[in-house]
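Heads up, the thing below is written out as structure tokens.
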Ligand code: G3I
């Protein structure tokens, strides 16, 4: 059963009205006086909007940067946050709880409680689960990265990992980001950072896909990365690899574009075109980690122009996914600035999420809702 509804009845604001409420003027409006921001809970559930054929997802906070933060575990302890996750989204992804570091404190031991809790919650709330991730260069336990293993042992470790984790959640995890961030921004394979790619190159990607498919033949298997929103060397490398893998009969089904955007850079205007390059191969696509960071001052406040750009970027990203028939899900990498990963990674940037620290609606939330609702609503 879904958790208590947070959605309030009332008029649905346009993105422009929401900008005004947030104290931001629209382009060309000379008014310098900001109006106070009323704290408002969402008045609509994203998961219920007309484009809901598209799964609308969120990363569920826990582990990673939260572990060192001064607050209690978000997913375990913050009921208001859990309510938002249940209310707003039809898909969830573990932000960190399915990564090697979290699941495998030692070589012998698997620790599933954190991952199980999110999956149980998803099932109680009628949400699908996106699994993240099986083969990545980051957040691997020290015993793996610093251990002495033969090639055969390394391969067996990955096979065991995939068989155990994908097998455990067979039928409960719809999509798997099997391989994450395997190319650098120039489209070069990350052989130095990723201990599996270092030894086996892309053959281990084909193996990982096969092992995942054996463990759950119904799971939809993805390659996933950031900075692949546009056509360029990195997305070209994925296109070439996907073509190769498919030709070799590997069970590859999807390509995930993370979508970590910043208003300091232009919006990737060819996002839709790029997504179509992958659907033309027969793959499905998804936007898997959308967020839009903006420059902020010491108090975390953004300039109105940047908030306006953020609104535009969120809306255009959703539009691109909606426009592509086989773009099957859109996941936000966090929903509230209370738990955002962004400030810890990008000095001077923040406010990247669609709800503020008090879980109140920001103009970006309204932009996502408007885009999901579509132009005819
Ligand atoms: O491992 C160190 C530990 O040795 C050190 O004591 C501690 C001090 O803070 O930091 C630990 O590293 C943390 C790491 O998670 C592992 O737990 C980092 O500080 C922390 O920033 C990191 O955060 C996670 C990050 O992935 C790691 O790359 C974030 O919570 C998580 O949101 C983020 O998610 C990634 C996706 O998985 C893939 N795409 C990009 C996305 C955003 O970076």
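The table below lists the values:
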quantity	calculated
Residue within the range 114-125 that is more than 21 Å from residue 164 (Cα to Cα), part of a helix (DSSP H, G or I) and within 16 Å of the ligand (Cβ to nearest atom) present	no
Subset tally (residues that are surrounded by fewer than 23 Cβ atoms within 10 Å (Cβ to Cβ), more than 17 Å from residue 117 (Cα to Cα) and more than 6 Å from the ligand (Cβ to nearest atom)) for the range 55-66	1
Failed item in (1) surrounded by fewer than 19 Cβ atoms within 10 Å (Cβ to Cβ); (2) touching a helix residue (DSSP H, G or I) at 6+ places or on another chain (Cβ under 6 Å), with residue 263 passing the rest	(1)
Extreme residue, surrounded by the fewest Cβ atoms within 10 Å (Cβ to Cβ), among residues of the range 86-110 that are in a loop (DSSP other than H, G, I, E, B) and within 14 Å of the ligand (Cβ to nearest atom)	105
The range 283-312 residues that are free of Cβ contacts under 8 Å to residues at least 40 places away in the same chain and more than 14 Å from residue 353 (Cα to Cα), paired with ones that are in a strand (DSSP E or B) and away from the ligand (no atom under 16 Å from the Cβ) (beta carbon under 8 Å, 6 or more apart)	303/294; 303/295
Failed item in (1) in a helix (DSSP H, G or I); (2) crowded, with 19+ Cβ neighbours inside 10 Å, with residue 176 passing the rest	(1)
Helices (runs of 4 or more DSSP H) contained in the range 283-377 and holding at least 3 residues modelled with pLDDT of 95 or more and within 16 Å of the ligand (Cβ to nearest atom)	342-345
Given (1) more than 22 Å from the chain's Cα centre (by Cα); (2) in contact (Cβ under 8 Å) with a residue 24 or more places away in the chain; (3) assigned to a helix (DSSP H, G or I); (4) within 30 Å of residue 167 (Cα to Cα), number of the condition residue 250 does not satisfy	(3)
Test set (1) within 11 Å of the ligand (Cβ to nearest atom); (2) surrounded by 13 or more Cβ atoms within 10 Å (Cβ to Cβ); (3) modelled with pLDDT under 95 - residue 52 fails condition number	(1)
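The values are calculated or read from the model by the stated rules, or taken from the named source; none is laboratory data. Being a predicted model, the structure only gives us computed values, none of them experimental. In this analysis, Cβ positions are derived from the backbone assuming ideal geometry, glycine residues included, and neighbour counts consider all displayed protein chains.
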